[in-house]
Amino acid sequence: MKYMLLAHADDTPFQAMSPAEMEKAVGEYYAYTMALEQAGILLAAERLRPAEDAAVVRVGPDGTPRVLDGPFIETKEQLGGFWMIEAANQDEAVRWATRCPGSRHGTMEVRAVWERS
Amino acid sequence: MSRFAPWHDGSPRGLGTVLSADAVRAAADHAARTAYGKLVALLASRGFDLAACEDALADAFAAALATWPTDGVPRMPEAWLLISARRKLIDRARRDRTRMQASDELLRRADADIASPDEAPAIPDQRLALLFACAHPAIEPAARAPLMLQVVLGFDAARIASAFLVAPSTLSQRLVRAKRRLRDAKIAFELPSADQLAPRLDAVAQAIYAAYADGWLENDPDRRAIADEAVWLARVLAVSLPGEAEAQALLALILYADARRDARGVGGVYVPLSAQDTRLWNHALIDEAELLLRRALTSHRLGRFQLEAAIQSAHIARRSTGTVDWTALVQLYDALTLVTGSIVARVNGAVAVARAQDAAAGLVRLDALAADPALRDYQPYWAARAHLLGETGAVDAAREAYLRAIGLSSDPALIEFLRAQMP
């Protein structure tokens with residue numbers, strides 16, 4: 001089964017970090033991603049740029065497209081990155097999510113991917 | 001569904017709350033700790049459906065919290081709770097009479113129990129039978145420890161799920177399935193026969209140990225509470241089966257680990273066993289564990305838990321001798337590997353070899369395990385490998401293994417420890 005591990009976190013503490021703290025945090029994400037890769041179950045992983053640069057797009061019922069500044073919802077936690085992994089079941093995916101530094105910096109969401117039939 | 005469990009809600013029970021509410025809560029708390037599993041066991045042994053017993057007891061505890069503050073705590077709280085729960089079950093059985101063939105028999109048996117809260121004889125303790133039912137071969141292994149925690153101790157599914165790192169909805173489904181299985185397979189709530197006792201006891205002991213080990217790893221208060229209750233279950237098992245060496249050994253094993261609780265993390269810093277300050281160990285608990293282990297070993301029926309406890313005993317011997325007998329530990333880990341085949345025993349055995357001989361010899365053992373797929377996310381393997389590679393001076397390989405061990409850790413104290421070790 002494919003699972004998407006989504007990291008939601010408040011970006012402000014990251015932006016306030018000293019270079020040394022930043023290096024440490026980035027090192028933990030690197031170590032985690034490497035552990036997934038070497039376990040042979042990593043399908044994709046990316047870090048997203050801050051949501052303040054994001055755009056939100058929506059086509060209204062009248063067919064008019066609208067483009068707005070993100071984030072769409074007023075919330076401190078924003079999607080900061082993701083890992084897509086191959087796991088035997090949800091238990092295994094959840095265990096991997098608890099190891100992710102994202103679970104210490106914010107919240108990890110574990111979502112199963114619809115299997116294509 | 002989150003079950004009502006008033007004594008595990010984590011609310012403050014210290015000074016400053018209204019006395020009467022506090023006193024009632026304390027009485028309910030006390031009754032709950034000792035009574036919950038007892039009452040579930042008794043009702044279930046009378047043939048009532050397990051899930052229905054739990055619902056009825058939850059209602060009874062809710063009624064207790066509602067009425068005891070005004071009516072006073074009954075003289076026999078357990079009997080009060082039993083009668084209240086039984087009444088609910090009987091009402092339900094009467095309602096379901098058309099669907100339930102056995103209801104007449106159930107009612108007759110239920111009525112054979114005590115009739116009034118004041119003439120109650122001692123409530124027979126069938127918790128042991130309940131423990132065995134929870135670890136029945138028909139129940140999937142992953143559900144056994146959670147089922148015990150819920151049925152015998154009244155923990156709600158959400159807290160158990162969190163401690164076992166499982167999604168709450170998944171755990172709830174697993175528990176519902178397990179209870180349905182107990183009902184449909186008509187599994188009796190009774191002790192296994194003498195020839196079945198040993199293998200069934202192993203499953204019970206493993207489930208209790210799983211509940212303990214899962215709680216011990218973290219400093220989270222919820223997990224700590226589950227670990228504490230697992231200690232208590234191990235005590236129930238050891239006291240109830242004084243002639244069973246493995247039951248004594250399980251309690252010893254858990255006490256050895258519990259005795260080192262305060263020494264494992266000092267000021268948020270992780271301290272490995274070999275570096276722990278022995279003055280921070282709880283020596284009364286260790287003495288008790290040593291006594292239990294010695295008694296277990298006289299049975300001359302060696303089992304997994306006796307080996308595990310003997311390993312702990314060898315590790316803590318340095319509190320008096322100042323040294324650890326690594327050669328003896330290699331033999332113990334090898335014996336444990338033979339009995340369990342577990343990767344944990346193999347990795348620890350390799351580390352013991354490294355101490356008894358040298359790092360290179362330990363690495364040879366670790367290399368021999370490398371093909372095992374269970375290692376891909378087994379943090380202790382990578383931490384051990386990193387450490388031994390560092391000792392042999394293979395800096396690059398050591399750094400890579402340290403990174404992998406860090407990537408597999410969730411505990412910040414452990415991550416900090418590994419980072420500091422990295423060459």
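Inspect region A:78-93 for any residue being within 14 Å of another protein chain (Cβ to nearest Cβ), in a helix (DSSP H, G or I) and surrounded by 19 or more Cβ atoms within 10 Å (Cβ to Cβ) and give the result as yes or no.
Looking through region A:78-93, at least one residue is within 14 Å of another protein chain (Cβ to nearest Cβ), in a helix (DSSP H, G or I) and surrounded by 19 or more Cβ atoms within 10 Å (Cβ to Cβ).
Could you tell me whether A:GLU109 is closer than 27 Å to A:ALA25 by Cα and within 14 Å of chain B (Cβ to nearest Cβ)?
So A:GLU109 fits the description; yes.
For residues that are crowded, with 16+ Cβ neighbours inside 10 Å and over 22 Å from A:LEU79 (Cβ atoms), scanning just region A:37-48, find the one that is farthest from the other protein chains (Cβ to nearest Cβ).
Ranking the qualifying residues of region A:37-48, first place goes to A:GLN38.
Looking at B:LEU255, B:LEU338, which is the one that is assigned to a helix (DSSP H, G or I) and open to solvent by less than 60 Å² (accessible area, probe 1.4 Å)?
Residue meeting the stated conditions: B:LEU255.
How many residues are surrounded by fewer than 16 Cβ atoms within 10 Å (Cβ to Cβ) and facing another protein chain (nearest Cβ under 9 Å) when one looks only at region A:12-36?
So the answer is 2.
Quick check on my filter: what residues within region B:186-206 are within 19 Å of the chain's Cα centre (by Cα) and open to solvent by less than 50 Å² (accessible area, probe 1.4 Å)?
Result: B:ARG200, B:LEU201, B:ALA203, B:VAL204, B:ALA205.
Give just the number: which of (1) under 23 Å from B:GLU288 (Cα atoms); (2) open to solvent by 20 Å² or more (accessible area, probe 1.4 Å) does B:LEU307 not satisfy?
Here B:LEU307 meets the rest and fails (2).
Only one of these is in contact with a helix residue (DSSP H, G or I) (Cβ under 9 Å, 6 or more places away or on another chain), under 19 Å from B:ARG355 (Cβ atoms) and of a type in the set (D, E, K, R): B:ARG319, B:ARG301, B:ARG261, B:ARG224. Name it.
Residue meeting the stated conditions: B:ARG319.
Grab the helices (runs of 4 or more DSSP H) fully contained in region B:94-208, keeping just those with 1 or more residues being under 27 Å from A:TRP96 (Cα atoms), among the charged types (D, E, K, R) and modelled with pLDDT of 85 or more.
Where helices (runs of 4 or more DSSP H) fall fully within region B:94-208 and carry at least 1 residues being under 27 Å from A:TRP96 (Cα atoms), among the charged types (D, E, K, R) and modelled with pLDDT of 85 or more, they are B:141-151, B:168-184.
Quickly run through region B:209-231 and pick out the residues that are open to solvent by 40 Å² or more (accessible area, probe 1.4 Å) and at pLDDT 85 or above.
B:TYR209 - this is the single residue of region B:209-231 that is open to solvent by 40 Å² or more (accessible area, probe 1.4 Å) and at pLDDT 85 or above.
Identify all residues within region B:35-54 that are modelled with pLDDT under 80 and open to solvent by 10 Å² or more (accessible area, probe 1.4 Å); write none if there are none.
B:SER45, B:ARG46, B:GLY47, B:PHE48
Can you name the condition, by its number, that A:ALA9 falls short on among (1) under 17 Å from B:ARG404 (Cβ atoms); (2) open to solvent by less than 40 Å² (accessible area, probe 1.4 Å)?
(1)
For residues that are crowded, with 18+ Cβ neighbours inside 10 Å, of a type in the set (Gly, Ala, Ser) and more than 19 Å from B:LEU418 (Cβ to Cβ), tally how many sit in region B:341-374.
Of the residues in that region, 3 qualify.
Take B:ALA158 and tell me if it is more than 18 Å from B:CYS53 (Cβ to Cβ), without any contact (Cβ under 8 Å) to a residue 60 or more places away in the chain and open to solvent by 10 Å² or more (accessible area, probe 1.4 Å).
No: the conditions fail for B:ALA158.
Does region B:233-250 hold any residues that are assigned to a helix (DSSP H, G or I) and under 23 Å from B:PRO146 (Cβ atoms), and which are they?
Residues satisfying the conditions are B:LEU233, B:ALA234, B:ARG235, B:VAL236, B:LEU237, B:ALA238, B:SER240, B:GLU246, B:ALA247, B:LEU250.
Which condition breaks for B:LEU57 when tested against (1) open to solvent by less than 80 Å² (accessible area, probe 1.4 Å); (2) closer than 20 Å to B:ARG46 by Cα; (3) at pLDDT below 85?
Looking at each condition in turn, B:LEU57 falls short on (3).
Could you please find all residues in region B:161-177 being free of Cβ contacts under 8 Å to residues at least 40 places away in the same chain and away from every other protein chain (no Cβ under 14 Å)?
B:LEU175, B:ARG177, listed by residue number.
Being more than 20 Å from the chain's Cα centre (by Cα), loosely packed, with under 15 Cβ neighbours inside 10 Å, modelled with pLDDT of 95 or more and polar (S, T, N, Q) is true for just one of B:THR327, B:THR298. Which residue is that?
Testing whether each residue is more than 20 Å from the chain's Cα centre (by Cα), loosely packed, with under 15 Cβ neighbours inside 10 Å, modelled with pLDDT of 95 or more and polar (S, T, N, Q) leaves just B:THR327.
When region B:299-325 is examined, which residues are found to be of a type in the set (S, T, N, Q) and touching a residue at least 12 places away in the same chain (Cβ under 8 Å)?
B:SER299, B:GLN306, B:GLN312, B:SER313
Looking at (1) over 19 Å from B:ASP411 (Cα atoms); (2) open to solvent by less than 50 Å² (accessible area, probe 1.4 Å), which is the only condition A:MET108 fails?
(1)
The values are calculated or read from the model by the stated rules, or taken from the named source; none is laboratory data. The model shown is predicted, which means the values in this text are computed figures rather than measured ones. Here Cβ is always computed from backbone atoms with ideal geometry, including for glycine, and neighbour counts include all displayed protein chains. Areas reflect the complete protein model, heavy atoms only, side chains present, ligands, DNA and RNA absent. Shrake-Rupley method; radii C 1.70, N 1.55, O 1.52, S 1.80 Å.
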